[in-house]
Every structure is written in C-alpha cells, then in structure tokens.
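Structure first, commentary second.
Any read-out appearing in this document is the output of simple, stated calculations on the displayed coordinates, not a laboratory observation. If you're wondering where the values come from, they're calculated on a predicted model, not measured in any experiment. Here Cβ is always computed from backbone atoms with ideal geometry, including for glycine, and neighbour counts include all displayed protein chains.
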Number of protein chains: 2
Amino acid sequence: VSAARLVALDWGTSSLRAFLLGADGRVLAQRQQPWGIQHLPTGGFDAALNDIAGDWLAAAGPVPLLACGMVGSAQGWHVAPYVPCPADLATLAAALVAFDIGQGRVLHIVPGLSHQRPDVMRGEETQVIGALIQAPRLAEHATLVMPGTHSKWVAVRDGRIGDFSTYLSGELFAVLRDHSILGRPQREVTPTAQADEDSPAALRAFDLAVNAVRRQGSATPLLFSTRALVLSGRLRAEHSMAYLSGLLIGDELRCGLSGRVDNAPLVLIGDAALCLRYRRALGAWADVAEPLHLSNTAVAGLWRLALQAGLVQGAGGADDDDSR
Amino acid sequence: VSAARLVALDWGTSSLRAFLLGADGRVLAQRQQPWGIQHLPTGGFDAALNDIAGDWLAAAGPVPLLACGMVGSAQGWHVAPYVPCPADLATLAAALVAFDIGQGRVLHIVPGLSHQRPDVMRGEETQVIGALIQAPRLAEHATLVMPGTHSKWVAVRDGRIGDFSTYLSGELFAVLRDHSILGRPQREVTPTAQADEDSPAALRAFDLAVNAVRRQGSATPLLFSTRALVLSGRLRAEHSMAYLSGLLIGDELRCGLSGRVDNAPLVLIGDAALCLRYRRALGAWADVAEPLHLSNTAVAGLWRLALQAGLVQGAGGADDDDSR
C-alpha cells in the first residue's frame, strides 16, 4: 500500500464505507460495515475507523483522511457546519473541517449544504461533485436525483449547486408499510418475507399507482386507495406495497419534475434497483427524456475534493487548481 | 326503562358507545367503553355488549338493537356488506343486516358504503344521516367533513350521498410522529408528555405550515421542512408536531376543497378540538365560508335508520315512511 494517497470515508446514518485510493483516485481497496453513526460498534467512532482502516493507515504512513456524510453532523463525530447554497467545488473544499482524532492523525470532514428554504444535505454534495467528474457535461445544466430514505433533487448550473429539495419518500414508505393500516394486509401475508415488488403483477400495481398520481395531481387523496383496492378485491395483499411505492415515488416525481428549471436533463444516482424503479415511474411522463444513471459517486467526489483542498496531488500536479 | 325504544350502538375500531333511546330518539342513558373491535374484553363481542347494555336489555324487554361502524366489517362481529354509492336513507335502511346474537335477540347492523373509485366507509354513513336530521337544509347541497384517523369528505346532494373520499391525515400524523425522523426532536423533548399543540407559538407553527401548503400546492415537498426548520433553529422541537399537523391538515383541505362541487357549504362533524383545528386551517382559504360544526351525529342517524326500517315507531306514526 505504499502507493496509497487517501483514505476516503463515506460515513452515513446506516453504513460506513471506506476506500483506499491511489494515484489519480484509483480504488486500491474498499470495505463496508453497517456502522452508520447510529449503529456504531463498541468503542464508537475511534473503534469503527480503526477496525475498518487501521491496517491501511499503519501500512500507508501519513496518508490523509477525508470523510463525508452524517459523520459531520451534530450527532456525528465532529461538526462540519453547513455551507449555504449556492456552492461549488471550491466553496466546499475551502470549508473542509480538520479534526484531530489522536495518534497524530487528522480527519478532514466535508461540510453539508444548507438552503434557506430551509433544507439540508450531508453526503449528497460529495456525490454531486463526483457525478460532475464522471459526466462533466452535467456541470452546465442538470437535475441530479438521489433516491433513498430522504431523496434529494439537486439543481446544477454552471458547475454550482444552486438549489435542492428533500423528499421523505423512502422513510414515508417504510413507516406506512411497517406501522399503518396500509401495510397490514401485506404484513399478514408475508410477515417475515420481503414483499413481492418485482413480479409482473407487482410492477403493474406500481405502474397503476404512478399513473393515478400523475392524473390526480397528488398522492394525498389516493393513499387510502391502497387499502380500498385490497378490500374490494382489485389488488392482492402481496402487491399492495408495490402500489404504495408507486404512489409515493410518483408523487415525488410529480413535484420534482414541476420544480425543474428549463427542463434540465435528469440524472439518477445511487442503488441500481431503486434507480430502476424511478426510471420506470418516469415512463409515465411522456415528455421526460430517459435519465442517465450513475452508481454511487461519493468516492470520485471525495478524491476531487481532496485534490481541490490540496490534501493530495493530481497526476500532473495541476488538477488541484482546477475548480471545474 | 319501560319507555325504552332502541338500544343504539356506535361500535368502531377503538371504542364502543351505547345509547338507550326513548320515544322520538331521546337519549335516556349512554355509556362508553374502549372496546373497539380490535380491543374487545375477554369474552369478545358478546361480553362487550352484555357488559355495556345487559342491564338495559334485561329491564327493557324486547327492545330492538341497531349498530353502526366497524362491527359490521370482515373483522367485526358479523358482515354487513357495503352498499354502493349513490345511497340515501332508504337505500341504507333497506340494507340493514339482521344477525341472531342468541338469547332470542337480533342485532341489526348498518352497512358501510363503497365507492367504485374505490373507497369505503363504515359508521360515517350513519353520521351523515344524523347530520341531515339535525340540520335538514344540508340535505340539498353540502360537503360533510369528518376529521379523524381516516378523515371522510362526503358530498351530499338532494338527500343522497353521491361521492366521498378518505384522507389518511390522522394516521399519517401518528406514524410520522411516533416512527419517523420528523417526530424525533419532539419525542426527545417530551418523551412521555403530550406535545404542546395549543400554545400561541404552536398555533403559529400550525398556521405557518397550512399557509405553506396552500402556497406550494402540495405537502410532499414540505414534509422534510419539519426537520430542517428544527435543525436551523427556526422551529422549536416542542412545536414541530403542530407544524407537521398543519402540513397534513392543510394538504387534506387543499385536496378536499378542490374536489368540492359548486362550492358546496362545508360542515365539520366530530370531536370539538379537532374540528376547531380544521376550522382554523380553513382560515387560510379566504374564499371559503365559515363551516357549520356538528358534534357526533351517529345517535341521531341510528334512530332515523331504525325509524325508516320499521324497528321503532315515530311519534306520529308517519316518520317511518319519510325517506327525506
């Protein structure tokens, strides 16, 4: 590991992913643990970092560490205050927070972004930076969608994050499935198993819901139909959660698309299965072009931020001054 | 209790209310127990009925029994199949289901209503019948709103229930408060106490949310602001649930009002505190006239249905043929 240049950490609420990066940000090794900031092992942050990357650090010598995500929140290891929008690579890199974690090591933490609406994000700003590296033409004009527990819609223009919005879709789905009357039929049918969300019949239920939201203009008056359709025998219990998912994703798309400026090209970033579901739902909007899909771009973003902040050197020694 | 004419039961998911009615539907006695169909005492339906009304029945002799609500659902005591909309007093009375409960007694059960959208109700149809007795001019044209766990908006025209919609607002609020990240700040501040929802500051938070939904045209992009406002110090944790309540009630009103036909006069039916909250939220819509408020009208509805079905006789002996 003598070629190691950076230990990059994507440290969120539910998981910790560590990457050992070499010259040009090449991934030399990577590991993942379920040690999100709310699920730390005994010994807390120190122990988690030591366990996941201690051997890398011992072997690599004085390699810098850079982390993004909830690790920089008030519930995290050390606070990296939010940077207000609009913000770009230079703004973010200038606001990295350095934090002494002992044993002569410093952890650099990427700040989250805030919007005066108000809204906040932590971690997604780094994914946006990475996406603009992987697909540079997006920097001019794009809407980046990161589906998840708290989905983010990020408007990028001329290399800057100008605006963003958070949708509760993923968490809303989980609490309704697990705790409301809408989830009861499916809970009774498959108390332990995963819901059937990928069979042709489940996908038809999903499509039906997306189209209903698009026609109705809101999911609010349709939520209870998840139950009424089951009661009336028109929807099987095991497909009811696919239907609910269609209502919530459809409503997020309805709102997000209506807030897009100048029909900015859409990009989906994240988990392939979830992005595929969003792409399917987008099919209900005939005027929306097929979105690009990028996998998790946090590593690329962490490397680019480290370059910009001078924590690492680029191949030509010049990249670190390039804020595009 | 020799004057007793009817034992009327309003038997829902979470409570059982029993009324001993005399001539003209006058309430001679009433009792309430938390014995909804999902919280029955040992001995089940039989025991619950015997405990709450056994002495009335023993003293009153062969008095008829009429029940409305979830007691007639698939999870209830005996199924009273849904009657499809449109429906009126005569349709409902003709569809009462008689069920032998032993000891020579018959329980009559009011059917629920279904709409092909699909949607369903049980119990509210009886409240509508009661409301039209208490305020007869509503029969011509009105939108009756029954706030609650599953709020119902019922369109009445010429004495008939033509259309209705269910909103999940109450349940959505409860699951988000108890199980989502939105409720966490308030859960930490007041883990056991009730949230502060009636102080001037809490009411301001409620109003702020209602107005935001009215302006935005949807609560979906605003849900996460419940958290972001607390994080940014602009909303105190103890007022955050009043804010969330404003988002959800505001969204219900936005959808319900837009679905009203010909600006039908609004009527709020049910719990006084909750109806007051809805009335307050309606203030954000300058063009909506102050709504009438009626307390629970189920008793009046049960008496009227009993008259119509011939289970009891009216004062003049003629009311039972009047289907208006």
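Percent antiparallel among DSSP beta bridges with both residues in chain B, to the nearest 5?
Close to 70 percent.
Considering only C-alpha atoms, what is the centroid distance from region B:198-233 to region A:245-271, in Å?
22 Å
Per residue of B:119-125, what is the mean number of Cβ atoms on other protein chains within 10 angstrom of that residue's Cβ? If you can, show how the numbers build up before the last one.
On the way: counts 8, 5, 1, 0, 0, 0, 0.
Mean inter-chain Cβ contacts per residue within 10 Å come to 2.
Express as a percent, rounded to the nearest 5, the fraction of DSSP beta bridges in region B:1-151 (both residues included) that run antiparallel.
Values: 20 of 29 bridges.
Here the antiparallel bridges make up roughly 70 percent for region B:1-151.
In debye, nearest 20, what is the charge dipole magnitude of the protein assembly as shown about its Cα centre with +1 on Lys and Arg Cβ and -1 on Asp and Glu Cβ, if you could check? Please list the in-between numbers first.
Numbers: 54 positive and 62 negative charges, 54 e Å.
Computed about the Cα centre, the dipole is about 260 debye.
Name the chymotrypsin sites (Phe, Trp or Tyr not before Pro) in region A:51-98 that are in a loop by DSSP and that have at most 16 other C-beta atoms within 10 Å, would you? Intermediate results must be reported in sequence, preceding the final value.
Details: sites: A:56, A:77, A:82; in loops: A:77, A:82.
In loop regions of region A:51-98 (DSSP not H, G, I, E or B), there are no sparsely surrounded chymotrypsin sites (Phe, Trp or Tyr not before Pro).
Counting C-alpha atoms alone, how compact is the protein assembly as shown: give Rg to one decimal and Dmax as a whole number, in angstrom.
That works out to 29.4, 101 Å for Rg and Dmax.
Specify which residue in the list B:30, B:11, B:69 is farthest towards the positive end of the charge dipole of region B:1-90, using unit charges on the beta carbon of Lys, Arg (+1) and Asp, Glu (-1), about the Cα centre.
In region B:1-90, that residue is B:30.
Going by average Cβ density within 10 Å per residue, which order do the peptides A:143-150, B:122-129, A:308-315, A:27-34 take, highest to lowest?
Values: A:143-150: 22.2, B:122-129: 27.5, A:308-315: 18.0, A:27-34: 13.5.
Peptide ranking by packing, descending: B:122-129, A:143-150, A:308-315, A:27-34.
Out of all DSSP beta bridges with both ends in the protein assembly as shown, state the antiparallel percent to the nearest 5.
On the way: 68 of 98 bridges.
For the protein assembly as shown, the DSSP antiparallel bridge percentage is about 70.
State the answer as a single residue: which of A:272, A:113, A:303 lies farthest towards the positive end of the charge dipole of chain A, with beta carbon charges of +1 for Lys and Arg and -1 for Asp and Glu, about the Cα centre.
Selected residue: A:272.
Hey, got the dipole for region A:175-228? About the Cα centre, +1 on K and R Cβ, -1 on D and E Cβ, debye to the nearest 20? Spell out each step's value before the answer.
Values: 7 positive and 6 negative charges, 55 e Å.
That gives a dipole near 260 debye.
Rounding to the nearest 20 debye, state how big the charge dipole of region A:234-306 is about its Cα centre with +1 on each Lys and Arg Cβ and -1 on each Asp and Glu Cβ. Could you put the intermediate results ahead of the total?
Details: 8 positive and 7 negative charges, 30 e Å.
Result for region A:234-306 is approximately 140 debye, rounded to the nearest 20.
Which residue, B:113, B:244, B:276, has the most motion in a Gaussian network model of chain B that connects Cα atoms within less than 10 Å?
The residue that fluctuates most here is B:276.
Could you work out [θ]222 nm for chain A from helices alone, using -39500 (n - 2.57) per DSSP H run of at least four and dividing by all its residues? Round to the nearest 500 deg cm²/dmol. Working shown, then result.
Working: 10 runs with 116 residues, N = 324.
Roughly -11000 deg cm²/dmol at 222 nm, from the helical runs in chain A.
How large is log10 I(q)/I(0) at q = 0.12 Å⁻¹ when the Debye formula is applied to the Cα atoms of region B:24-141, each weighted equally and without solvent?
Cα-only, vacuum Debye calculation for region B:24-141: -0.50.
Restrict the search to region A:136-197; then list the GluC sites (Glu not before Pro) that DSSP places in a loop and that have at most 13 other Cβ atoms within 10 Å of their Cβ. Spell out each step's value before the answer.
On the way: sites: A:140, A:171, A:188, A:197; in loops: A:140, A:197.
Of the GluC sites (Glu not before Pro), the ones in loops of region A:136-197 whose Cβ has at most 13 other Cβ atoms within 10 Å are A:140.
Under the classification rounded if a/c is under 1.5, otherwise prolate if a/b is larger than b/c and oblate if not, where does region B:29-92 fall, given a ≥ b ≥ c as square roots of the Cα gyration tensor eigenvalues?
Details: a/c = 2.50, a/b = 1.42, b/c = 1.76.
It comes out oblate by the Cα gyration axes.
With r as the distance between the Cβ atoms of residue A:190 and residue A:42 and R0 = 22 Å, compute the FRET efficiency 1/(1 + (r/R0)^6) and round to 0.05.
FRET efficiency, residue A:42 to residue A:190: 0.05.
Measuring from a point 7 Å out along Cα→Cβ, what nm distances, shortest first, does residue B:26 have to its partners in the other copies?
In nanometres, ordered from closest: 9.6.
In the neighborhood of residue B:182, defined by Cβ-to-Cβ distances under 13 Å, what is the net charge if each Lys or Arg adds +1 and each Asp or Glu adds -1?
Numbers: positive: B:177, B:184, B:187, B:227; negative: A:171, B:178, B:188.
Here the charged neighbours net out to +1.
Out of all Cα-Cα pairs in region A:209-289, roughly what percent, to the nearest whole number, are more than 18 Å apart? It would help to have the intermediate numbers written out before the result.
Details: 1439 of 3240 pairs.
It works out to 44 percent of all Cα pairs.
If the label for residue B:105 sits 7 angstrom from Cα along the Cα-to-Cβ line, what are its distances to the same label in every other copy, in nm to one decimal, shortest first?
The answer, with the shortest distance listed first, is 7.4 nm.
Which of B:301, B:104, B:44 ends up with the largest GNM mean-square fluctuation for chain B, with Cα atoms connected below 10 Å?
Result: B:104 has the largest fluctuation of those listed.
Say a label goes 7 Å from Cα toward Cβ at residue B:199 in every copy; what distances in nm does this one have to the rest, shortest first?
5.2
Put +1 on the Cβ of each Lys and Arg and -1 on the Cβ of each Asp and Glu in region A:178-262; which of A:248, A:213, A:189 then has its Cα farthest toward the positive end of the dipole?
The residue sitting farthest along the positive end of the dipole is A:213.
Please report Rg (one decimal) and Dmax (integer) in Å for the Cα set of region A:1-70.
Over region A:1-70's Cα set, Rg and Dmax evaluate to 11.6, 35 Å.
Give the whole-number value, in cubic angstrom per residue, of the convex hull volume spanned by the C-alpha atoms of chain B.
On the way: hull volume 45.4 nm³, N = 324.
Taking the convex hull of the Cα positions in chain B, it is 140 Å³ per residue.
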